[in-house]
1. Going by the conditions given, is D68 within 17 Å of P3 (Cα to Cα), charged (D, E, K, R) and open to solvent by 30 Å² or more (accessible area, probe 1.4 Å)?
2. Say whether the condition of being open to solvent by 20 Å² or more (accessible area, probe 1.4 Å), part of a loop (DSSP other than H, G, I, E, B) and farther than 20 Å from G10 by Cα is met by at least one residue in the range 82-90.
3. Would you check if C53 is under 29 Å from E99 (Cβ atoms) and more than 13 Å from the chain's Cα centre (by Cα)?
4. Evaluate the following for F59: is it touching a Pro at 6+ places or on another chain (Cβ under 9 Å), of a type in the set (F, W, Y), within 15 Å of A87 (Cα to Cα) and open to solvent by less than 20 Å² (accessible area, probe 1.4 Å)?
5. Specify which of the listed residues (P37, P45) is farther than 18 Å from E90 by Cβ and either β-branched (V, I, T) or touching a Cys at 6+ places or on another chain (Cβ under 6 Å) (or both).
6. In the range 1-75, which strands (runs of 3 or more DSSP E) lie fully inside it and hold 3 or more residues that are out of contact with any Ser or Thr (no Cβ under 9 Å at 6 or more places or on another chain) and modelled with pLDDT under 95?
7. Go through (1) touching a residue at least 24 places away in the same chain (Cβ under 8 Å); (2) touching a Ser or Thr at 6+ places or on another chain (Cβ under 9 Å) for R80 and report which single condition fails.
Amino acid sequence: MSPWYSLSLGDGMTAGLPSSEIGEAFRPVFAAAGSPPEMAVFTRPESEGRLHCEVIAYFSPAASEIADAFDAEPCEKPARSGLALLAGDEECWSALFDETGEPK
């Protein structure tokens, strides 16, 4: 199984710029690949007990080219809970997660 990748985008106040940069880099690669539903980037704010949250981007295995371009690190596949789609097609949810929301 191919790895997922994660990247800290900073706190909620500063995550907008790197999120936009990822989205812009993703679009042409996604289109060139034929818009596969397995190719997606998600974000989730994570606080882990801290006062301020940190926004983490999660790149699916099919988005590894984009993950590499942003120096994202390999990680475990995230649970669906709390994820927001940053880039990709809405069909990615059913392609990447089962109906209970857990990773496939």
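The values are calculated or read from the model by the stated rules, or taken from the named source; none is laboratory data. This one's a predicted model, so the numbers in the text were calculated from it and none came from an experiment. FYI the Cβ positions are ideal-geometry reconstructions off the backbone, even for glycines, and counts take in every protein chain you see. Only protein heavy atoms, including side chains, enter the accessible area calculation; ligands, DNA and RNA are left aside. Shrake-Rupley method; radii C 1.70, N 1.55, O 1.52, S 1.80 Å.
1. When the stated conditions are applied, D68 passes them.
2. yes
3. yes
4. The answer is no for F59.
5. Going through P37, P45 in turn, the sole match is P45.
6. 4-11
7. Going through the list (1) touching a residue at least 24 places away in the same chain (Cβ under 8 Å); (2) touching a Ser or Thr at 6+ places or on another chain (Cβ under 9 Å), R80 breaks only (1).
So that you can scan it fast, the table gives a plain yes or no per residue for (1) open to solvent by 70 Å² or more (accessible area, probe 1.4 Å); (2) more than 11 Å from the chain's Cα centre (by Cα); (3) among the acidic types (D, E):
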site: L7; (1), (2), (3): no, no, no
site: D11; (1), (2), (3): no, yes, yes
site: G16; (1), (2), (3): no, yes, no
site: E21; (1), (2), (3): yes, yes, yes
site: A25; (1), (2), (3): no, yes, no
site: P28; (1), (2), (3): yes, yes, no
site: A32; (1), (2), (3): yes, yes, no
site: S35; (1), (2), (3): no, yes, no
site: F42; (1), (2), (3): no, no, no
